[in-house]
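Below is one structure, written out as C-alpha cells; comments come after it.
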Amino acid sequence: MEEAGKVHEEAPEPPVLSDNQVDKKGASSFKGKKDPTEEGNEELKSKMEEEKTDVKKRIMSLQKRLTTLVTNIQTAVDAKEMERRSGMEDNCRIREERLKDDAKACQEKVEEIRKGWSIVNQKVVHSELQSVLDSQQQLCAAVIEDKKKLIRELQWERRVKEDEYLKNLRRLDEEIKLMLDRMQQQFQNLSKAYREELTQLQGVYQQEIEVLLAKDKAKLKEHMKEHWDTELESLMERRRMVEESEKTVHDVMLENTTKIKLMQLEENAKSQARLREQQQMKGKSVILNFKQLEHGNKIAAYNAKLGEMKGKILGSSKEVKNLKTKYAKQKDKFMKQRQYLCEVQKRSRQHYERIQKEVRYTTAADARKFEEMWVMMEEEVTQLAEKALAIDSLICKHLGLAWECPSAAFMESPGPRRSQEHDTNPTSHPLQTRYLSHCSQRMMDASVGPSLERDSEHGTGVEEGELSSEMLMKVMELLCDETGFLVEDKLRKLLAPMEKNEQTTVKLHSLFAVLGLEEKDLAKLAEFLLMYKRQQGEQTVGHFVEEAEVMENSATADSTSRLINPNNILPALQRFLEQHRKSVHERSSLSHPARDTLVEEAYWDRLGNIITEDKLKLWDAAERELKQYEEVLMDISELVPETELLRQQNTKLRMQLQQILSSTRSSN
Amino acid sequence: ININISSSSSGNCSNMRRIIAEDLDWSLATVSSLSNLSLQCIVNNFEERPIYEELTSSEKDFIQNRVSLSLPLHFAANVFPDGVYWKRCCEQKWKVCDVSNYGESWKRMFFERQLENIIELFVPGITEPKTVLDMVTLCKDHIKKLNIAQLLPPVKEPQTEDEEQASELTLANDDDKSGMDHFDFRILLDKLTNLEELHLVYKVKSCGMNFEWSMFEMTNWDCESLAKALKSCKTLKLFRLHLSHLEDKKCRLLVKYLLDHPSLRTLDFSHNVIGDSGARAIGKLLTKSKLEILNLYDNNIGGPGAKAIAHALSKNTTLVSLNLCLNRLKDEGGQAICKALLNNKTLLHLQLGANGVTWLTVLSLSSMLAQNNTLKSINLSCNTLGEVGGNALEEAMSHNTSVTECNIHLTDIEEQRVSVINQMVWNNQFRKQETNPREKNTENAN
C-alpha cells in the first residue's frame, strides 16, 4: 500500500523516467529480494551444520533469517524509492533545463519581435510596414509553434509516463503476489521447524513417560501380586470351608433322602390301603346308586308336591312382608313411646332428687332442732342438779352435817352434746371424747376382737402413712395365696406367665370384686388382719385399752417383722367382712355423726344419781323432822298473835293504871 | 421468579418420579439440575432483573455464555467485566479477532474497535458528534489504543464550475476551513483517560474513481485541532501520524503543542513530507521532551535538518531509537549525526538507510563505533559506500562488541566483506545471548 501511495505521488510528475531506468529498478528490486534469502539460506545451512544438535540455536538462526528477509525486503523497497527519487530529481532537472532553454529561446525571439516593433514604428511606408508586420507575424507564429511543440512533447512524455505507471502497478501487483507466496513458504518453514522441535521434545517426553510408566507398572505389578496372593489365600480358605460345608450338606442330604424314602414307603402302603378302601366304597356306591335311582322316581313325585309348596311359600312370604311392615310400624310406635317414657323417667328422677334434697334438708333441720332441744335440756338438767346440790348443801348445813361436794371433775365436765358444740378444735376433741366412748365400747366387745371403728379411725389417722407399701404388698400376697380358692381357674391360667407382682394385683382385683370390697378398703383390710393376729395372740390379757394403745405404738415397728399366721387369715377375713358390712350399713343409715347413746345414758344416770339414796333418806328424815318442827313453829306462830294481843292489853292496862295513879295523885 | 422456578422444577421432579416407574430408559442425566434451571431463568430475564454480582464464578461464566448478545451496550458495559460475553460479542462482529493485540482483554478489544469504527465512519457535518460522545462515556475506561485507518472528509455540496473558480480565486488556499476539515479530536481525546496509543491516517480507504489529493492530507484547521487535542490528552505515550502529507508548517504546529507533553515517549511521522524546518522543530522537541523512539522514515529531511537533529542528539539522554531512513541527509547530515553520537550513550538503534551517504560518513561512523559501545543496530542499506566504506566498516566492527545488527545490503560492498561483517555481528549477538565459553572459543577460531 505504501508503495502504491508513493506511486500515486509519482503520477502527476512529468513523465521523464526512461524505460531503461524502470527496468533497472525492477531488476534491482528482484535482485535485492533474491540475494538476501540465498545468503540467509547459506548462513542457515552453515549454522545447521555447525549446531545441529542445539535446537535453541537453530530456532534462533531461523528467526534471524526470517527477520533479515523482512529487512531485506524493506531495504530493497527503500533502494527502489531512492532510485525513483533520484530519477525524479533528474527528470525535474532535465525538464527545468529544457524549460530554461526554451525560455531563453523565447526571450531571444521576443527581443527580436520587440526590435521588430521599433522598426515598425519607424517605417511609414505601407508596403514596408506590411512586410515588417509579416515578418513579425512569422516570428510570433514561430514562437507559438515552439511552445506548441514543447507542450506536445511534454504531453507525449506524460502519456508515456502514465503507461509506465500502469506497467509499474502491474509489476507491483505481481511482486506482492510473489511476496505473499514467499511469506507462505516462510510460515511453512517456521512451522515445520517448530514442528520438528515439537516432535523431538515429544520424543524426549515420551521416553520419560515410558520410563515412568515402566516404573509405575512395576510398582503396580508388585502391589497387584501382593494383593493377588492375599486374595488367593483367602480364596483357598473359602474353598476349604466350602468343601467342608458341602460335605456336611451331602451327609444331611443323604440322611434326608433315606428318611424320605422310608416315609414314601409308608405312604405307599397307606395309599394302597386307601385304594382298597376306595374300591370297597365304590362297590358300595354302586349299590347306593341303584337305590338312588329308585329314590329318583320318588323324587319326581315329590317335585310336583314341591311346586305346590313353593306357591304356598310365596304366599307366606307375602304375608311375612306384610308382617314385617307391621312390625316396623310397631317398632316406630314403641320407639316413640320409649322416648316419651324416658322423658317421664327423667322428670321423675329429677323430682326424686329434689325430694331427696328436701329430705336431707329436713333431716338436717330436725337434727339441728333435736340438738338444740337436747342442749337446752342438758342445761336445764345441770341447773336442776346444781339446784339440788345447793339445796342438799343447805339441808346439810341446816342439819349441821358436813356437806361434801361430789367429784369436781364431774361437775366441771359439761354434757357430751354441749362439749361437741362448744368444741373449737373439731379434729382433736372428738378424738378424746370418742376415745372415752371407745373404751367403754371395747370393754363390751373385747372378746370379739378389735372393732372396725377403731381401725377406720387409725386408718384415717397418722398410722396409715407409716404402713409401708412393702408391708402392704406382703400382706396382700399372703391374702392372695390363702384365698386362692376364690379366684377362678381360668384367670389363674392366664396369670401364670405374668410377674408375681402383677399376678397379685390382678388376683386382688378379682378377689375384691368377689367379696364386694373397694380399692380404698385395702389398707383397712391389711390393718385389720395385722391387728387380728395380735389380738389372737394376746386375748387372755385383760387390759385391752392399754394393749391397744401399746399396739398402736408398736404396730409399725413390729408388724414388719412378724407376719400373720396364714391359718388365721380366713377367720380374720370373715370377721372383717362382717364388720365391714355392718359399718357400711351404719354409714348408709346415719348421715350425721353416730350418736353415743351409752355415754349419754351414763351421763344421765350420773345426773340422776347425783343425790344418793342415803341423802334421800336423810332428806326424808330431815323433812319429817322439819315438818314436825314446822308444826311446832306453826303452833308457835298461832300463839304469837295471842301473846301479842295480851301484851297490847297489858300495855293498855298499864297505861290505864298509870293514868289512874296519876289522877289519883293529882286528886290526892 | 425464583419461586416459580422451584415450583416448576419440583413439578418436574414429581413427574420424573412417576416416569421412573414406567420408563426403563429414563436416566437422571437428562434432567438439568435446579441450579441450572434457575440460572437459565436469570439468563432469560437478565435485562429486566440483572442478577450477576452475587453469583459464584462458575455461575457467572454460565450466564456470560448464555446471555443474548442483543443486550443494550450501555447496560452490558456496566454489568459484565472482561470475559466470555465480550468474546462472543467480538466474534459475532468481526471475523478475525486477535486478542493478544489488546492486552488479552476482549472487552477492551470490543470497545476499541467499536470506537474506531464509529470515528472512521464519522462524516463531519452529517454524523452527530453525540454518537461518538455516547460511546465515549461507556468505554472511556477501557480504551488504551486507537488505531484510526481513515478519516472521511465532509460531503461536498455540488458546486457549479463558476462558483468553484470564484472561490478558488477569492479564498485561495489558506482559508479552506469549511471545505475539507475532518473529525475534531478535541471532543474525544480529553475524555479518554486511559488512552496510551494513537495511530492516525488522514486518508480515505477505497475511494475508487472519486480520488482527490485533498482526501489524503490534513487541513490547517485539522492540524490545529489535533495539536490541541493531543495537548489535552495527558496519558498518551505513542503518537503516530503517517501517510498524511504532513508538511513543515503543520509539523511545526504539532511539535509546538507537543513540546511540554508529560508522557509522550514515541513519535512516528513516517511517510510524510517533513523538510528541514520541520526537522529543526523536531530537534527542539528532542531537547525538551523525553522521547524514546523517533521515527521519521520516508520524509524530506536534508542536511540542515539532520544537523539540527544531530545537535539535539548530542545533548539528549532519553532517545533509544532513531529512524531517518529514506531521507535526503547526504554526507552532510550523516556525518553530523555520527559525530553527535560520540557524546551520546543512550541511543541503541540508528537507521540511516537510503539517505545517499557515502564512504565519508562511514569514516566518521567507524571512528564513532570505536568509542561508542552502546549502539546495537545500524542500518546503512541502500547507500553507495563502496570499497573504502566497506574497509572502514570492517575495521570498525572488528573492534566493536556491542553491535548485534548491521544492515549493509545494497551498499556496493564486496560479498566476501559483507559476509565477514555479518559473521562478526552474528558472533556479537551470540555472545550477548549466551555467555558460553565454548561460543567464545569458536568465535576466536573464526
Apart from one, (1) buried (at least 22 other Cβ atoms within 10 Å of the Cβ); (2) within 14 Å of chain A (Cβ to nearest Cβ); (3) aliphatic (A, V, I, L, M) all hold for B:V418; the odd one out is (1)
Is it true that B:L326 is surrounded by 21 or more Cβ atoms within 10 Å (Cβ to Cβ) and within 14 Å of chain A (Cβ to nearest Cβ)? yes
Quick one: in the range B:372-403, which of the residues that are hydroxyl-bearing (S, T, Y) and surrounded by fewer than 20 Cβ atoms within 10 Å (Cβ to Cβ) is farthest from B:V320 (Cα to Cα)? B:T384
Which ones in the range B:99-150 are outside any loop (DSSP other than H, G, I, E, B) and of a type in the set (V, I, T)? B:V99, B:I118, B:I119, B:T131, B:V132, B:V136, B:T137, B:I148
Can you name every residue in the range B:377-409 that is within 14 Å of chain A (Cβ to nearest Cβ) and of a type in the set (D, E)? B:E405
Search result, residues across the range B:329-349 that are surrounded by fewer than 23 Cβ atoms within 10 Å (Cβ to Cβ) and within 14 Å of chain A (Cβ to nearest Cβ): B:K330, B:H349
Got a sec? Which of B:T318, B:T374 is more than 11 Å from chain A (Cβ to nearest Cβ) and within 25 Å of the chain's Cα centre (by Cα)? B:T318
Qualifying residue in the range A:103-110 (condition: within 14 Å of chain B (Cβ to nearest Cβ) and touching a residue at least 12 places away in the same chain (Cβ under 8 Å)): no
Output the number of the condition that B:L146 fails; it satisfies all remaining conditions of (1) at pLDDT below 90; (2) surrounded by 12 or more Cβ atoms within 10 Å (Cβ to Cβ). (1)
So which of A:Q155, A:Q136 ends up being in a helix (DSSP H, G or I) and touching a Gly at 6+ places or on another chain (Cβ under 9 Å)? A:Q136
Tabulated pairs, the range B:113-126, first among the aliphatic types (A, V, I, L, M), second in a helix (DSSP H, G or I), C-beta under 6 angstrom, 6+ apart or interchain: B:L115/B:M135; B:I118/B:V132; B:I118/B:M135
Which of the residues spanning the range B:354-371 are more than 28 Å from the chain's Cα centre (by Cα) and within 14 Å of another protein chain (Cβ to nearest Cβ)? B:G356, B:V357, B:T358
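The values are calculated or read from the model by the stated rules, or taken from the named source; none is laboratory data. Every value quoted in this text rests on a predicted model; they were computed, and no experiment measured them. With ideal geometry, Cβ positions are generated from the backbone for all residues, glycine too; neighbour counts draw on all protein chains shown.
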